[in-house]
Structures are given as C-alpha cells and as structure tokens.
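See below for the structure under consideration.
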C-alpha cells in the first residue's frame with residue numbers, strides 16, 4: 001500500500017463502532033433507541049431527544065449531495081490535500097438521516113456545473129492505515 | 001414596547017489603533033489593543049482607571065494586567081468575529097444589573113503582520129487541537145482549512161435553492177469597494193483618477209492617503225475574473241487580512257452625559273448559535289442571525305423597516321447577502337439584490353458597510369470590532385474623514401443601525417440595534 005499522506009482521523013471510544021465498520025466496508029451509524037433517529041457525528045447522547053440509549057445500525061451507504069465546493073487553493077487545505085487541488089468537497093445527506101462531510105470521487109472538479117446537488121451517491125472506503133479506513137462518496 | 005434593558009447603556013466612544021491595515025512597521029496585537037484603548041479614553045474623557053469591566057475575545061486577563069486594572073467583570077467570550085457584538089450585549093446586561101459602570105470592549109489583531117513576525121494573530125480554537133473532538137475527527141480527513149473552504153458550500157446551496165448567481169454576489173463586492181473608495185482609512189481606498197500606482201514589494205504598504213496599488217473601483221467582471229479560491233468563491237468574494245485595533249466604551253446614561261462624545265444607545269441586543277462545525281449546520285442558506293436579530297429587534301421595540309443603515313459582517317460576499325435576509329432587510333433569496341439595485345450603495349436608501357467592509361476596508365481575522373467602530377462613527381457624527389455626503393466623515397445621516405457579526409463558519413451571530421439621539 002502506498003503511504004497515505006493526508007490527515008488520518010483518530011478514533012475515540014465513542015466513535016469506535018463506526019471505524020470498526022469502516023474496516024469491513026460497512027457504514028455504521030448511531031441511532032437513538034428511544035426516538036429512532038439517526039445522528040451524525042456519533043454522540044453519547046441523542047441530540048434530538050437527549051436519550052442516552054444509543055445503538056448502531058448498518059446503513060445502506062446511499063445518500064444525495066446536499067451541497068459541494070471545489071477546493072482550488074492549496075494553501076487553505078490540509079497537508080497532503082494541497083497536492084490534489086482542485087478537488088471537490090461535499091456534504092452528503094444520508095439515506096437514513098443527517099449529514100456527512102466528504103470528498104467526492106469520480107467527478108470533474110474543473111466542471112462544477114456537471115456535479116448535481118441532489119444527485120445520488122454511494123459510499124466507499126479507503127485504507128489510510130491498518131486501523132482507519134476513511135469514507136468517501138461517488139456518484140452512482 | 002421596548003424591553004427593560006433597552007437603552008440601559010450606550011456606546012459612548014469608539015476608536016481605533018494608530019496604524020491599521022498594512023502598517024509599515026508591525027505592532028503586536030497587544031499594542032494594537034492598548035493604542036485603541038488609550039484613544040477611546042482620550043476621545044471620551046473617561047480615564048482608563050474608570051474601566052471596571054473588560055470584554056474581549058480572549059485577552060481580558062492580559063489587558064487587565066497590562067493596564068494595572070482590577071475589573072469587577074471579566075468576559076473573554078471568543079466565538080469568532082461576532083464576539084464583539086456579544087460583548088456589547090453582555091456589557092449592557094452587566095450595566096443594567098448594576099454590576100459595573102464602565103465597560104471596555106477591546107480588540108487587537110495583527111492578522112497581516114503576523115506573517116512577518118512568525119507569530120499568530122489571535123487564532124481560533126477550532127476543535128481545540130483535540131484529535132478526539134468529534135468535529136475534528138469526522139471532518140479533518142477531507143482537508144478543509146481556511147474559512148473560504150467552508151463558506152463556499154453555503155454559497156453553492158444558496159445558488160441552488162434560490163437561483164442566485166455568482167454575478168449577484170459579485171455585486172456585493174463591487175458596491176462595498178465603492179464605499180472603500182470614499183474612506184482613506186480603507187486598505188482598498190484609492191483616489192479616483194489617480195491612474196496606476198507603482199506596484200509595491202510584498203509587505204510594503206503605500207500607506208496613508210495614497211491608497212493601495214490594488215485599490216480603487218472594481219466591476220462584476222473584475223470579481224468574476226479573479227482567481228478561484230473555493231468554487232464558487234473567488235478571490236474578490238473574500239475579505240482582507242489586515243491589522244486592526246479597536247475599542248469602545250459602554251456606560252449608563254449618567255456617565256454617558258459626562259462623555260466628550262455623544263452616546264449611541266444600545267436599543268436592542270441578541271445573540272445565538274446554530275452550530276460550531278459546519279458539519280452540524282442544518283440549513284446552509286440560513287444563519288442564527290434570524291434568532292439573534294429577532295431578540296435584538298424585540299428588545300428595541302423596532303423592526304428592520306426602522307433601520308436607516310446596516311453594518312453586516314462581510315467575511316465573504318455570501319455572508320453579507322445571506323445575513324441581510326436573516327436580518328429582515330431583504331426577502332429570503334433576495335439579499336444580494338440590496339447591492340445589485342444599489343439600495344446599499346452610496347446615496348441608496350439603506351447604506352450597508354459604509355466603511356468599505358471586511359471586503360475592502362479592513363479585516364483582521366475577527367471583524368466584529370470594525371463593525372462597532374463604524375456604526376458609532378456614523379450614528380454619533382464623530383467620523384473624521386471626507387465622505388460621500390460632503391460632511392466631514394459622515395457617509396449617512398442615519399440615526400438607527402442594525403449591526404450583525406457572524407463567527408466561526410456561519411456558526412454564531414450577535415446582533416445589535418443602535419440608535420442616536
């Protein structure tokens with residue numbers, strides 16, 4: 001595996017089930033056992049009803065593009081990403097609810113008009129290290 | 001019916017540091033604070049020793065120590081560029097409650113010069129450096145960093161939802177630059193008809209009345225042809241990075257009557273937050289200014305229709321356009337039209353960002369203080385430079401102003417309704 005040069009997140013005990021799922025190519029999401037709503041990012045308390053009964057579900061890995069931008073300025077982005085400008089960042093509305101930030105794969109950053117808000121996307125995972133596989137999304 | 005705290009206190013003076021913008025010789029952020037504090041105390045005739053409450057974005061203990069003060073109220077609220085509007089809100093409450101008599105709100109930030117000194121301006125605690133911070137953990141992998149990389153997502157969503165265009169937002173930059181051409185203190189000031197100025201070396205500053213080599217009027221085409229930063233945001237959609245120091249004094253009616261400069265009353269104040277990390281922003285076309293403005297208007301017993309000018313944090317063109325909608329000055333989706341139709345321009349019915357804004361006047365990293373100083377200068381009549389109206393320093397004859405700061409990534413807002421006698 002080529003060395004991964006971009007930032008690698010640090011899993012913590014609250015989010016560990018998500019990162020465990022990512023290693024297996026599964027999108028695991030936290031869901032409140034009381035109000036049944038999915039939230040993102042993972043929390044020890046439901047941000048909607050304040051219950052502390054949180055479970056994890058395996059999600060479909062499907063979503064839609066809520067909004068996106070094209071990063072052109074290497075000085076404004078993190079180490080490693082500067083070499084990849086222009087690239088497309090996006091917020092994804094998850095099929096199960098709530099929203100994730102990502103980098104869109106399989107799109108043309110030089111033709112932003114060709115990228116559709118509302119367009120369907122699906123998740124994939126990239127192995128950044130043995131313990132951390134990072135979710136990315138691409139148009140279906 | 002105004003709320004109980006309405007006009008319990010006034011801004012009784014507002015001043016800046018001696019050198020702002022791109023100073024030839026860098027001064028520390030602390031020195032920028034102190035110069036402004038000294039200037040506002042000289043202006044009002046209120047001695048520094050009378051200050052018994054200190055409000056700043058993280059600097060209050062250091063300011064107290066440096067000045068040898070022992071304040072009774074110490075507030076270090078630091079939630080981005082709107083912190084200073086929140087400080088005014090907090091100072092109003094503290095004075096209304098009888099806890100303090102004279103509040104200082106202070107700002108100093110060498111946003112430009114830090115690049116030559118190897119230091120930091122004031123910095124913002126995004127994620128606090130904790131790798132387990134959930135916002136950091138679930139966004140850092142994608143490289144977003146500087147503020148434009150986030151705000152561009154909101155601009156794109158606004159365009160998608162309302163059919164606004166990049167050209168619509170460019171109008172905001174064009175009109176704001178026009179205001180800057182009337183303000184010799186503005187970084188992008190340049191006298192009309194002066195022709196091309198010689199290019200400056202990096203770090204060199206033409207200074208004073210000469211203006212900046214990049215200054216002077218711009219057009220929508222200039223904005224559209226400026227280089228892409230974070231599409232759809234281009235260079236001229238983005239605010240400046242400069243040095244600034246500013247300070248205001250706030251006091252109740254009794255002390256206000258002893259000030260050498262007139263009071264500008266805090267008729268209404270409010271603050272709110274919608275998220276801290278943009279990952280948690282629910283609606284990318286709305287900010288918490290809807291809530292903070294509603295609280296401020298309610299306290300004032302006034303509404304957007306009563307505002308004769310507005311000072312709106314314009315970190316980006318999209319920030320100003322969206323916020324105008326949240327303040328009730330334009331209908332949803334129609335914020336940029338205030339500029340496009342020249343209502344916000346010199347001579348318009350609702351002058352906005354009469355100093356030239358964060359886009360073309362000065363933006364040190366946190367711009368909330370610059371909003372306060374300009375609102376005070378216009379409403380109090382203490383502005384000193386030549387202006388549009390021909391009166392010394394006065395760009396408008398407004399007697400009411402809504403001021404809105406925005407902090408973080410469209411995260412936090414503080415709104416004030418200010419009035420003069």
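Would you mind telling me which residue in B:280, B:325, B:305 has the biggest mean-square fluctuation in a Gaussian network model of chain B, where springs connect alpha carbons within a distance under 10 angstrom?
B:305
Mean-square fluctuation check for chain B, GNM, Cα pairs under 10 Å: which of B:372, B:235, B:249 is largest?
Fluctuation is largest for B:235.
Helix-only estimate, please: 222 nm mean residue ellipticity of chain B, summing -39500 (n - 2.57) across DSSP H runs of length 4 or more and dividing by its residues, to the nearest 500. Kindly include the intermediate steps, with their values, before the conclusion.
On the way: 13 runs with 125 residues, N = 421.
Dividing the helical sum by the residues of chain B leaves -8500 deg cm²/dmol.
Can you grab the distance from the C-alpha centre of the stretch B:1-69 to the C-alpha centre of the stretch B:242-271, Å, no decimals?
A separation of 10 Å, based on Cα centres.
Cα centroids of the stretch B:171-188 and the stretch A:69-140: how far apart, whole angstrom?
36
Quick one: compute a quarter of the convex hull surface over the Cα atoms of the stretch A:16-139 and quote it in nm². Could you put the intermediate results ahead of the total?
On the way: hull surface 32.2 nm².
About 8.1 nm², averaged over all directions.
Determine the relative contact order of chain B: mean sequence separation of Cα pairs under 8 Å and six or more apart, normalised by residue count, in whole percent. Display every interim value, and only then the final one.
Values: 1027 pairs, mean separation 108.4, N = 421.
Relative contact order for chain B comes out at 26 percent.
When the Cα atoms of the stretch B:283-421 are enclosed in a convex hull and the volume is divided per residue, what value in Å³ results? Show your work: numbers first, answer last.
On the way: hull volume 13.5 nm³, N = 139.
Dividing the Cα hull volume of the stretch B:283-421 by its residues yields 97 Å³.
Work out the FRET efficiency for residue B:258 and residue B:116 from their Cβ-Cβ distance, taking R0 = 45 Å, and round it to the nearest 0.05. The partial results should precede the final answer.
Details: r = 42 Å, r/R0 = 0.93.
Using R0 = 45 Å, I get an efficiency of 0.60.
Quote the FRET efficiency, to the nearest 0.05, computed for residue B:72 versus residue A:4 with a Förster distance R0 of 41 Å and r equal to the Cβ-Cβ distance.
Working: r = 53 Å, r/R0 = 1.30.
Efficiency for this residue pair is about 0.15.
When a footprinting reagent is the concern and you count Cβ atoms within 10 Å, what order do B:175, B:79, B:264 take, fewest first?
Working: B:175 28, B:79 21, B:264 31.
So the residues, fewest neighbours to most, are B:79, B:175, B:264.
Any idea how far apart residue A:36 and residue A:122 come out in nm if each label point goes 7 Å out from Cα toward Cβ?
2.7
Ranking A:108, A:12, B:243 by Cβ neighbours within 10 Å, fewest first, what do you get? Let's see the in-between values first.
Working: A:108 12, A:12 15, B:243 27.
Ordered from fewest to most neighbouring Cβ atoms within 10 Å, A:108, A:12, B:243 come out as A:108, A:12, B:243.
Fewest first, what order do B:136, B:406, B:44, B:76 take by the number of other Cβ atoms within 10 Å?
Working: B:136 20, B:406 32, B:44 23, B:76 16.
Listing B:136, B:406, B:44, B:76 from fewest to most nearby Cβ atoms yields B:76, B:136, B:44, B:406.
Rank B:153, B:89, B:107 by mean-square fluctuation in a GNM of chain B with C-alpha springs under 10 angstrom and give only the top-ranked residue.
Of the options given, B:153 has the highest mean-square fluctuation.
For chain B, what is one quarter of the convex hull surface built on the Cα atoms, given in nm²? Each step should come with its number before you reach the end.
Numbers: hull surface 76.2 nm².
About 19.1 nm², averaged over all directions.
Using only the Cα atoms of the stretch B:327-388, each taken as one equal point scatterer with no solvent, compute I(q) by the Debye sum, divide by I(0), and report log10 of the ratio at q = 0.13, 0.21, 0.22, 0.24 Å⁻¹.
Once normalised to I(0) and log-transformed, intensities are -0.40, -0.99, -1.05, -1.16.
Computed from the coordinates by the stated procedures, all read-outs in this text should not be read as laboratory data. All of these numbers come straight from a predicted model, not from anything done at the bench. A quick note on method: Cβ atoms are made from the backbone with ideal geometry, for glycine too, and the neighbour counts reach across all protein chains shown.
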